[in-house]
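Taking it in order: structure first as structure tokens, then the write-up.
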Amino acid sequence: MEIIKTSNLKKSYMLGKVEVKALNGVDTSVEQGEFVAIMGPSGCGKSTFLNLAGMLDTPTSGEIYLEGNDVTNMNSNTRAEYRLKYIGFVFQFFNLFNELTVMENVMFPMMLNKLSDYKDRSKELLNLVGLGDRLHHLPSELSGGQQQRVTIARSLANNPKILLADEPTGNLDTKSSIEIIELFRKLNQEREQTIVMVTHSPEIGGMADRILHFRDGTIENI
Amino acid sequence: MSSIFFYARKDAKKNWKTFFFVIIAIAISTANIIILNGFMDGITDGFLEKNMDTSSGHVNIYPDEQDKYIEGLGIKEKKLEGMDGVVAYSPRITAGGTLHYKEKFKTIKILALDPSKENEVTILLSKVDSGETLATNDRDGMLMSYRLADDLKVKPGDEATIVFENGKPRVFKIRGILHTGLAMDTNTIIINFEDAAEQLNLFNKASIILVKLQDETLSGQYKNKISEELGIQKIKEWKQEIESVLSSFKTFREISNFMNAIGLFTGAVSVGIVLYINILHKRRQIGILKAIGMKDLQVLFVYILQAVFLGAIGILIGDALGYAGTKYLEAHPFPDPTLGSLGPRFHLFLIYDASLVTMLIVILAAAFPALMASRTNIIKAIWGN
Ligand SMILES: Nc1ncnc2c1ncn2[C@@H]1O[C@H](COP(=O)(O)OP(=O)(O)OP(=O)(O)O)[C@@H](O)[C@H]1O
Ligand SMILES: [Mg+2]
């Protein structure tokens, strides 16, 4: 089943009077349970695509379908609700709420979603990412790799259909990067988690089921 | 809602150092309002009570419009005696005249009353500084207001001549010096009712009758009742008597309100600025909040709620300070030559009023930064530019 599908997706920004075409007609789809990597040179529209697929932003034209539903023109409240329930995000850095402990960070989306067993679930998720012993630490007391693992645990809080990660290892050393990517593989294989991940690293991209190559706002067919 | 509360609380707790000053500003503003308003109430109440106790009944009966005196005093007194709820009454005669003492003379206001009746209605005759007060049937005795006595350098026991407005002179002996804290302290002489009636050839007449009721709150009802029974048109309740006094406090009130407004404004501005700066610092976090699914309105609530926390803490401290300050000044008032002392008076509604007003202003001040936070553009916030 197609969990993400886009048709002729375009997004342009106005830089002063110059139109920057960040995406210039992207047609693609991601299947339920797939682990997809997005690669391509800097500025080719990878993040822009992920933001649109994650309903953080709206396209200039074209359509986005999530699980077959047209979500292109939803209002901001409905989009927020979709993000809360169906989408998990991992950004490159500073994803966490500094004021909240590790456990509270993971609990928070569940509280927002009015789940009741958020304490047990957040402990479970933190065990899953190997941080069961850091529940009450603050993000600032963790290493970059550990912070990204907390972010992954948080992104899974509401059992999202889709996990979107924009250069999740971009800020990490090789060892931590491998840990993160192995965690993704585990989530994908054991929990059939759909993952779309942007990366610059061919090794990391190579660990995905499929790679989408972006160039100048479109997908390259190789 | 609980998640919004949760985040607002955590965020505020982590930033308590920044918020500390805001809380202090709110506290001072609240305390300021309580103490200042307490003062206003204290001074006004004090003044009113004094006026009421010494120079007015609960209702006062005046002559009809075209008359100088109330006619048929005896019958009216009988009728007042027969009325349920009327505790006491005191007829008075007021007249002009001059006072002669050792080559000097002064224009005076003559106030004549029957001490036995007056003492049932007011405490005027107890306001004697030195000497003794005027006794019932004390023919030829007078009380002199203290400023007049100072002017003329007289003391109890001295004699002076009063020339009434019709030109008839008579020598009176000074029994005591009167000090009320009211306007009458300047040039008033108090003598017995009978003496004045005799000198002015008044029979069965009075200038005013003060009436004391069992229940002062029923003054409106009794005003009509007395008007009917006695066939009199002009009757004033004590509240009306005091209205002129109240209006002279208006400017005073306005000044104090202005000072309150400045205090509130300072509090509000500091709340607004600190929240604004905090929100600017938290742009990325607000972006993440929205990215993981918090709605605009919920973000707005987070920051309004945060302002409410700060407000609540500041107001509680302010209430305590205001209470303590008002109570202290109530116990240690500033001495004042006319009123005796100037001090605030504590009422619980002072705290309610100040708390409510301050909270409203705090929420108002938070509205703009909170709105700004709720409108944060996710993409720009997360990719920081
Ligand atoms: N908010 C914006 N305003 C103007 N131009 C933008 C904005 N966001 C992105 N762009 C432009 O759109 C194009 C695509 O940007 P995007 O961030 O999607 O690239 P990317 O593939 O993620 O690059 P990188 O690998 O460096 O992260 C770039 O030319 C970028 O300058
Ligand atoms: Mg990017």
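Scanning region A:34-66 for residues being surrounded by 19 or more Cβ atoms within 10 Å (Cβ to Cβ), more than 16 Å from ligand 2 (Cβ to nearest atom) and within 13 Å of chain B (Cβ to nearest Cβ) gives a total of 2. Considering region B:283-297, and only residues there that are touching a residue at least 12 places away in the same chain (Cβ under 8 Å) and open to solvent by 40 Å² or more (accessible area, probe 1.4 Å), the residue that is farthest from the other protein chains (Cβ to nearest Cβ) turns out to be B:Arg283.
For region A:155-173, a residue qualifies if it is under 18 Å from A:Ala80 (Cβ atoms) and within 16 Å of ligand 1 (Cβ to nearest atom), and exactly one does: A:Leu164.
Here's the yes/no breakdown for (1) touching a Phe, Trp or Tyr at 6+ places or on another chain (Cβ under 6 Å); (2) within 14 Å of chain B (Cβ to nearest Cβ); (3) more than 16 Å from ligand 1 (Cβ to nearest atom); (4) closer than 20 Å to A:Gly130 by Cα:
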{"position": "A:Lys175", "(1), (2), (3), (4)": "no, no, yes, yes"}
{"position": "A:Lys186", "(1), (2), (3), (4)": "no, no, yes, yes"}
{"position": "A:Ile195", "(1), (2), (3), (4)": "yes, no, yes, yes"}
{"position": "A:Pro202", "(1), (2), (3), (4)": "no, no, no, no"}
{"position": "A:Gly206", "(1), (2), (3), (4)": "no, no, yes, no"}
{"position": "A:Leu212", "(1), (2), (3), (4)": "no, no, no, no"}
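What number goes with the only condition from (1) β-branched (Val, Ile, Thr); (2) out of contact with any Asp or Glu (no Cβ under 7 Å at 6 or more places or on another chain); (3) away from ligand 2 (no atom under 16 Å from the Cβ) that A:Ile3 does not pass? Answer for A:Ile3: the failing condition is (2). The residues listed here are A:Asn77, A:Asn69, A:Asn113, A:Asn98; of these, the one that is farther than 18 Å from B:Ile292 by Cβ, more than 16 Å from ligand 1 (Cβ to nearest atom) and surrounded by fewer than 21 Cβ atoms within 10 Å (Cβ to Cβ) is A:Asn69. In this structure, is A:Ile87 at pLDDT 95 or above and under 16 Å from the mean Cα position of the chain (by Cα)? So A:Ile87 fits the description; yes.
Note on region B:119-171: among residues that are without any contact (Cβ under 8 Å) to a residue 40 or more places away in the chain and within 17 Å of B:Thr94 (Cα to Cα), the one that is surrounded by the most Cβ atoms within 10 Å (Cβ to Cβ) is B:Arg170.
The values are calculated or read from the model by the stated rules, or taken from the named source; none is laboratory data. Remember, it's a predicted structure, so these values are computed and weren't measured experimentally. Heads up, the Cβs are rebuilt from the backbone with ideal geometry, glycines too, and the neighbour counts pull from every protein chain shown. Side chains included, ligands, DNA and RNA excluded: accessible areas come from the protein's heavy atoms. Shrake-Rupley method; radii C 1.70, N 1.55, O 1.52, S 1.80 Å.
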